[in-house]
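For reference, the structure discussed in these notes is given below.
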Amino acid sequence: MTKSTLEIERATYEPKVPAALKGNVKAVDGEYTQSVADQNEIKSLFPNTYGLPVVTFEKSHEKQNMPAVNVGVILSGGQAPGGHNVIAGLFDGIKKINNDSRLYGFLLGPGGLIKHKYKELTADIIDEYRNTGGFDMIGSGRDKLEFDKQFDQGLKILKELQIKALVIIGGDDSNTNACVLAEYYAKINAGIQVIGCPKTIDGDLKNEQIETSFGFDTACKVYSEVIGNIQRDCNSAQKYWHFIKLMGRSASHIALECALQTHPNICIISEEVDALNQTLDDIINQIARIVALRAKQGQNFGTILIPEGLIEFIPAMRRLIAELTDFLIKNESEFKLIKRSEQRNYIISKLTKENSELYASLPETVARQLTLDRDPHGNIQVSLIETEKLLAEMVATRLEEWGKTDKYKGTFVTQTHFFGYEGRCAAPSNYDADYCYSLGFTASCLIAAGKTGYMSSVRNTTAPADKWIAGGIPITMMLNMERRNGELKAVIQKALVKLDGAPFKEFEANRDDWAVTTDYVYPGPIQYFGKTEICNQSTKTLKLEQKKESSL
Ligand code: FBP
């Protein structure tokens, strides 16, 4: 494989780890836990893994002689920078336990476990991938582990390979499934531990104990670099309004972080749209007003950040999507027989009046995108909906109307962008390289401590790595009951942007200024060497959440 200079240099980078993980390690049990909500229901669904204590790892003076352990690892869901380092940390950790330990990677996601597709990850393979982006060492996939039959099928190969512990690296849905699997294997005394690791660029798998999901830092830095470049282009030519949609699924953490890094003229936050019960029309007016204001100053250009999941947070759209999803599930085969050109009218004729009118008002392309297949977890695939084009078109129409009444005088030419896949496989920033390696190493300590149903946790990460706190959090602690595909299910609570949280407050305090003053920031590319390497620059979101504003 031909390697770039950066890859060659990065291969020599040694990720930093918490001081406690450097020598001999001991597990210290802390307080016993409760789930965040619906305690009785969760307790009855997870009798074997509920209420476990939080675990912290500390330095130990005793050398432990541990038997070799075989471990399986799965990468689940969307790619996020740093996944390879989680595996490298896990590998080094189990080799430290006993040099005869072995690591097996299941291929292309959870499906690899069910289909018995795997490969042994030897030192040569691990070394090839240290500090690289992507999930290509073993691949990823979105198969959902949910049925006992799948768990039993997985158990066969785990037994065959004498695997004692399985590490699932995934987002909220995958870690929910890890929790269900841990409970099942505990119930049947399978002798298999299951450990989760918090992955997703979306940044929505976080809570009191898990301060961030890995990949969020690198992805936001990549998007902020390109947003900065676009802003400089925009300010140079002064002729376009750029509508930039950013990945992140439901939550607007990525859009908010990028706004804090780059100071765009407008950034929509879905959670605020929801809280204010805004309509699509309100959002169009809000954007058009700023465009008109800037036009008055002779600035017929600007940048707008749009979170990927916006469409689902507009209350009326959410009602439409809910009815549409329900209808498509129930009438899947009939719908597939309708000619593409007739699908729109067919749907209009089937929905309730309010939803039918809203659906009919949408541009053809967006209307069609709303009918595309849901993902295996029942989520609408928001990355396939061109919200940026929808908004650009609708704002243009609004400004045309305003132009007739002298409410607006200016030129409005748009460019649309969608940034998502560009950031998911970037070489991990130093923050993510260190954080991921530490998460993987911590997972090996949880295995050595005999824990199951835990998520690997590394905290205090705005401090130097030496002071990071490694441990494990019972996954049941993060569960609550939610309606999914019409059924009440125990799932990990998704962390949305908090409107009373410090990151949003910081944005809110500045956005009116950024709207009119063209205060663009150009962060440039991720720095792997030099000042940021020493400063361990985490995201502004995390720093603000941890209230270390002096370091911003
Ligand atoms: P995960 O939740 O699995 O980490 O995936 C995140 C994500 O990148 C979302 O931001 C995006 O909506 C989705 O994956 C896209 O999915 P796909 O890779 O299947 O197109």
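Only the coordinates and a few stated rules stand behind these numbers; no lab work does. In this text the structure is predicted, and so the values were computed from the model without any measurement. Cβ atoms come from the backbone with ideal geometry, glycine included; neighbour counts cover every protein chain shown.
Key figures for this structure:
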| item | result |
| --- | --- |
| Volume per residue that the Cα convex hull of the chain spans, once the total is divided by residue count, Å³ | 164 |
| Using alpha-carbon coordinates, inclination of helix 83-97 to the longest axis of the chain, degrees | 10 |
| The range 1-65: translational diffusion in µm²/s, Stokes-Einstein, Kirkwood Rh over Cα pairs, 25 °C, 0.890 mPa s | 153 |
| Whether the range 261-312 is rounded, prolate or oblate, judged on the alpha carbon gyration tensor where a/c under 1.5 counts as rounded | oblate |
| The range 34-113: proportion of alpha-carbon pairs further apart than 17 angstrom, % | 67 |
| Principal-axis tilt of helix 148-160 within the chain, Cα atoms, nearest 10 degrees | 40 |
| The range 403-432 and the range 116-143: distance between their alpha carbon centers, rounded to Å | 33 |
| Mean Cβ neighbour count within 10 Å, used as a protection proxy, ranking 436-445, 313-322 highest first | 436-445, 313-322 |
| Leu372/Asp406 FRET efficiency (R0 45 Å; Cβ-Cβ; nearest 0.05) | 0.60 |
| Ordering of 59-71, 187-199 by packing [mean C-beta count within 10 Å, highest first] | 187-199, 59-71 |
| Cα→Cβ-extended label distance, 7 Å offset, between Leu499 and Thr517, nm | 2.5 |
| Against the rule of thumb 2.2 N^0.38 Å, how large the Cα Rg of the range 1-136 comes out | 1.28 |
| Calculated P(r) of the range 179-243 - Cα pairs past 21 Å, % | 56 |
| Convex hull volume per residue for the range 287-396, taking Cα atoms only, in Å³ | 110 |
| Distant alpha-carbon pairs in the range 335-492 (separation over 20 angstrom), percent | 73 |
| As computed over the range 93-148, the Cα convex hull volume per residue (Å³) | 111 |
| Whole-percent pair-distance distribution, where bins are 10 Å wide, for the alpha carbons of the range 377-465 | 12, 22, 20, 19, 14, 10, 4, 0 |
| Two-decimal Rg/Rh across the range 455-549, once Rg and the Kirkwood Rh are taken from alpha-carbon atoms | 1.07 |
| Once the Cα gyration tensor of the range 209-284 is diagonalised, semi-axes √(5λ) in Å | 23, 20, 8 |
| Descending semi-axes in whole angstrom, ellipsoid equivalent of the range 373-415, from the Cα gyration tensor | 34, 10, 5 |
| Ordering of 446-458, 423-435, 97-109, 3-15 by packing [mean C-beta count within 10 Å, highest first] | 423-435, 446-458, 97-109, 3-15 |
| Cβ-placed point charges (K, R +1; D, E -1), dipole of the range 384-473 about Cα centre in debye, nearest 20 | 260 |
| Nearest 10 degrees, 0 to 90: helix 430-448 Cα axis against the chain principal axis | 40 |
